[in-house]
Amino acid sequence: MEFSPLLFILLSPLIGIFILLFIPENNKLLIKIIALFSAFLAFLSSIYVFISYDFSQGGIQFKQVIPWLETLKIFLSLGADGISLPLLLLTGIVIFTGVLVSWNVEHRAKEFFIFLLFMSVGVFGVFSSLNLFFFFLFYELAILPMYLLIGIWGSSLKEFTKEYGAFKLTLQLFSGSAFVLLGIFILYSKAGTLDIITLSQMKFSHEFQWILFPIFCVGFGVLAGMWPLHTWSPIGHATAPTAASMLHAGVLMKMGAYGLLRIAVNFSPEGARIWLPVVAILATLNVLYGAFIAMAQDDLKFVVGYSSVSHMGLVLLGISSLNSLGFSGAVFQMFSHGVMTAALFALVGIVYDRCHTKSIAELGGLSVAIPFVTANFVLAAFTSAALPSTSGFIAELMILLGAFQSYPVLCFIAITGSLITAGYLLRLLRRVFFGNPILKYKRITDANFAERLALCFLSFLLLLYGIFPSLLLNSIKLGITPLLLKLGGR
Amino acid sequence: MYTYIFSPEGILLILGFLILIIYIFRRRWSRFLLITGALALLLAAFSSFLQFSLPPQGDVLLVDPFSNFFEIFFLFASFLTLLLSKEVKESVRGSYIFLILFATLGMMLVASTGELLFIYLNLTLVSLALYALVSSVLEAKSREAGLKFMFLGIFSSLFFLYGLSLLFGQFRTTYLSIIESKLGNFSPHYLFISLVLILVGLGFKIGMVPFHFWIPDTYEGAPTPIAAFLSVASKAVGVTILIRIFIGAFFSIQQDWQFLLALLAIITMTVGNLFALVQTNIKRMLAYSSIAQSGYILIGVLVGSKLGVAGALFYLWCYLFANMAAFFVVAWVEKETTSQEITAYSGLSRRSPFLAVTLTVALLSLAGVPPFAGFVGKFYVFSAAAFEGQYLLVAFALANTVISLYYYLQVVKEMFIVPSNREVKIKSSFLFNFLLLLQLVGILMLGLYPFPWAKLAEGAIVSLF
């Protein structure tokens, strides 16, 4: 039997977890090395998958089918196409850097890395499964560890305890996934198969698609942070430990958008035509609402959290514009936002670790003490504000151009949202990093080696894909072409 | 041949009486009696397992894959119960072992018959043994639990008997197979009354709302191993009869009873889950959760398709492992801390990682979170319902799984997040750990490699359709 490299991506964190189970808890260095090594292996294999994908051929590659429960037509079938490739790569990047920036986690380190790797297995699985059962299994697998990650290693805020954040996030996401599961059951009973490839070749009746789409849309919308279902996201991310919010905001929210493309739009294109204008309006609200609320926040993590909501709005807007530019922009934004949010959360985590506060009002002039962190923060903030030569620019440009073709008015409203983003980020940079240095923060240490490695890498990617977007766009284009064909090639 | 096929029941009957007689004359031999009891259960399970390939045979007593499937289920449940009792109780008397063996015998006979009077007779045997077991501890609470259980139990079994006699009045026979063949000649409205009466009796056993009131009080007062036994085996007895009567005999008039059962399933899940939300006593919480679980099992039965009934059978195994494992941990913590409150579990992940992890896995499996057994079970049952077009039912069930997650996670929060006020390690004995590990492996096996079990469940229901 041939082994798909996708199986290897899934197995490397799993093997890491398995080894970690047998390592005594107080041997923290060994635990971290093993966690880092298995994350690095997963990352390497995700690069390998990206490089060895045959771009001249396109379609779904690296297929692997393992029978599992044939009576219910469940197979563990894996495969990757142009949409899932960048997302697999993103997951590899974020889990690797996530382990790096968690190098100073000392409290119950063993469990921490087990849960973190567990989450990455779920995410990798979602982006590579071709069977709805396993898609959903991995989907929930990715959501679940977050509860304990927030509950044990998270930090309570003034307004919310971490238990509240953990419960809110978990229950809201599980309610969303209940909708997804309902959709899967309806689809399964109608089509009699769970295989994504077979399903995407089927054509369902108009009425059926009309009903199916909103169910999936609500389900995935919760995870994608669609307004007004987004409320878990800022609170959950603000209370979560650094690596968990990196992975969650960076990658997990993309699972929602990915599901929307891969399942909702793919299986009910006619339903998408009917319902996506509604999603477009909600997405525009996302962009504006997230940006406005972020402007009013004092807590750094809340600022990043709400900016995620705002940026996910752009992804949703790109998807709902239903054209080539919008789709490619959306997938590109998923990747770009994933890297950028991971960087921002890592940086906020470092600031919090050194200064023991995340409040903008209490911080000031940090650039003197931590120039390295400042430089990276500036770059990530510029990406977030979509300045040219960063990957954020390419993404937002494509999304807005795509949206302009379908919804000119909404496009203009969304552009104002981007302007506000620039506003609150500049305000944040000025208050926290520049301005008069506060005495007690003069002695704080800059990023350590592991953190520097992670941050340099993330910043490098932001610039790399900003200057050479075609590195990703080739792959994305291959992925979205079949979708666009189904939609009637607009 | 005829004597051979009833060897599992025979083993229990003979060894059960032997244990009772030895107990009367040699009270000190409790260890020997316990080993004999456990061996009897294992031996019976083994001989039942050997019969799996035999073709269905028998008259009043039937031997078919369905009965074998449940015989092994009951034997395994009571094996775990017996050994758990040994681990957490100060002394296990011979009478206690005898009662467990005879309750199991009754359950096995219920599972392997298609004759109404015999079902009733054996159901009474099960009930009598369980009444005594529930009140086997010299505590007021246990007595109260036993008394409540007994009065309500007798009351509901009268309804059941009344339903059966109405059936006899119409069909002039007590054989379900004959009833099934005559079914076309009778008006469904008249039949409906007897089916409802039967449902009252079974609803009590299964823990179906509104016949569930005894469950929380009884579980709370009963010795924890017996509460576990009640929640798993006694519930499964009800499900067995339900499947035999409603699917085996009255399948052709499914549209008449399906709506009622669907309504009851929805109410059962919802009431169970909502009441579980506010419990502070973990045994009461598990009691309400077991009520909710009955609702999910009922879905599989009422759908009535092969997939649905096989799903219900599969789900029962998932439920057995998860619920038993949960009660195992509860029993041990109760023994160590003498508390049944959920707050007693604070910091359990530090005090005993193994217990905490197992309880977490068990609870998440009950909630239906992948990759554990409960998820596959729920997927099985719910997809069967979706295939029959019962989308509303599926939607209700999914909403319920989300509600249930809240109270299961409360316990997880207590164990992993809330720091303990006492950092004393909890040590559990070797046998206990081994049995718990067995169940943990079961939960993971059913969740990660469900194929063999699914195959067994599908083989078991062939003779019904």
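Data for the structure
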read-out	value
Residues of segment A:170-196 satisfying the condition of being at pLDDT 90 or above, surrounded by fewer than 23 Cβ atoms within 10 Å (Cβ to Cβ) and more than 9 Å from every other protein chain (Cβ to nearest Cβ)	A:Q172
Qualifying residues in segment A:53-76 (those that are of a type in the set (A, V, I, L, M, F, W, C) and more than 8 Å from chain B (Cβ to nearest Cβ)) - the one nearest to B:F379 (Cα to Cα)	A:I74
Residue identified as buried (at least 22 other Cβ atoms within 10 Å of the Cβ) and in a helix (DSSP H, G or I) among A:F127, A:F118	A:F127
Filter result for A:L148 (closer than 21 Å to B:Y407 by Cβ, within 10 Å of chain B (Cβ to nearest Cβ), among the aliphatic types (A, V, I, L, M) and surrounded by 24 or more Cβ atoms within 10 Å (Cβ to Cβ))	yes
Candidate set from segment B:439-465 (those that are in contact (Cβ under 8 Å) with a residue 40 or more places away in the chain and not in a helix (DSSP H, G or I)); member that is nearest to the other protein chains (Cβ to nearest Cβ)	B:P450
Selected residue [at pLDDT below 85, within 21 Å of the chain's Cα centre (by Cα) and within 14 Å of another protein chain (Cβ to nearest Cβ)] from A:G125, A:G154	A:G154
Residue, surrounded by the fewest Cβ atoms within 10 Å (Cβ to Cβ), within segment A:416-438, restricted to residues that are of a type in the set (A, V, I, L, M) and closer than 18 Å to A:Y306 by Cβ	A:L419
Positions within segment A:6-33 being without any contact (Cβ under 8 Å) to a residue 60 or more places away in the chain and surrounded by fewer than 20 Cβ atoms within 10 Å (Cβ to Cβ), in sequence order	A:F8, A:L11, A:I15, A:F18, A:I19, A:F22, A:P24, A:N26, A:N27, A:L29, A:L30, A:I33
Count of segment B:237-288 residues which are among the β-branched types (V, I, T) and more than 28 Å from B:S78 (Cβ to Cβ)	7
Odd one out for B:L62, checked against (1) assigned to a helix (DSSP H, G or I); (2) over 24 Å from B:A331 (Cβ atoms)	(1)
Scan of segment A:134-165 for residues that are in a helix (DSSP H, G or I) and either free of Cβ contacts under 8 Å to residues at least 12 places away in the same chain or among the small types (G, A, S) (or both), ordered by number	A:A142, A:G151, A:G165
Residue within segment A:273-288 that is free of Cβ contacts under 8 Å to residues at least 40 places away in the same chain and surrounded by fewer than 24 Cβ atoms within 10 Å (Cβ to Cβ) present	yes
Some residue of segment A:292-311 being in a helix (DSSP H, G or I), basic (K, R) and surrounded by fewer than 21 Cβ atoms within 10 Å (Cβ to Cβ)	no
Neighbours by Cβ (under 8 Å, 6+ apart or cross-chain): first from segment A:115-133, free of Cβ contacts under 8 Å to residues at least 12 places away in the same chain; second surrounded by fewer than 24 Cβ atoms within 10 Å (Cβ to Cβ)	none
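Matching residues to (1) in contact with a helix residue (DSSP H, G or I) (Cβ under 7 Å, 6 or more places away or on another chain); (2) of a type in the set (V, I, T); (3) more than 17 Å from B:K205 (Cα to Cα):
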residue	(1), (2), (3)
B:D64	yes, no, yes
B:T81	yes, yes, yes
B:K86	yes, no, yes
B:G94	yes, no, yes
B:F98	yes, no, yes
B:M107	yes, no, no
B:V110	yes, yes, no
B:L121	no, no, no
B:L128	no, no, no
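Listed here are the residues, each with its yes/no results for (1) within 15 Å of B:Y408 (Cα to Cα); (2) at pLDDT 90 or above; (3) surrounded by 23 or more Cβ atoms within 10 Å (Cβ to Cβ); (4) at the interface with another protein chain (Cβ under 10 Å from one of its Cβ atoms).
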| residue | (1), (2), (3), (4) |
| --- | --- |
| B:G347 | no, no, no, no |
| B:R350 | no, no, no, yes |
| B:P353 | no, no, no, yes |
| B:A367 | yes, yes, yes, yes |
| B:G374 | yes, yes, yes, no |
| B:G377 | no, yes, yes, no |
| B:V381 | no, yes, yes, no |
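The values are calculated or read from the model by the stated rules, or taken from the named source; none is laboratory data. Model, not experiment: these values are computed from the prediction. Don't worry about glycine lacking a Cβ; one is built from the backbone with ideal geometry, like all the others, and counts go over all protein chains shown.
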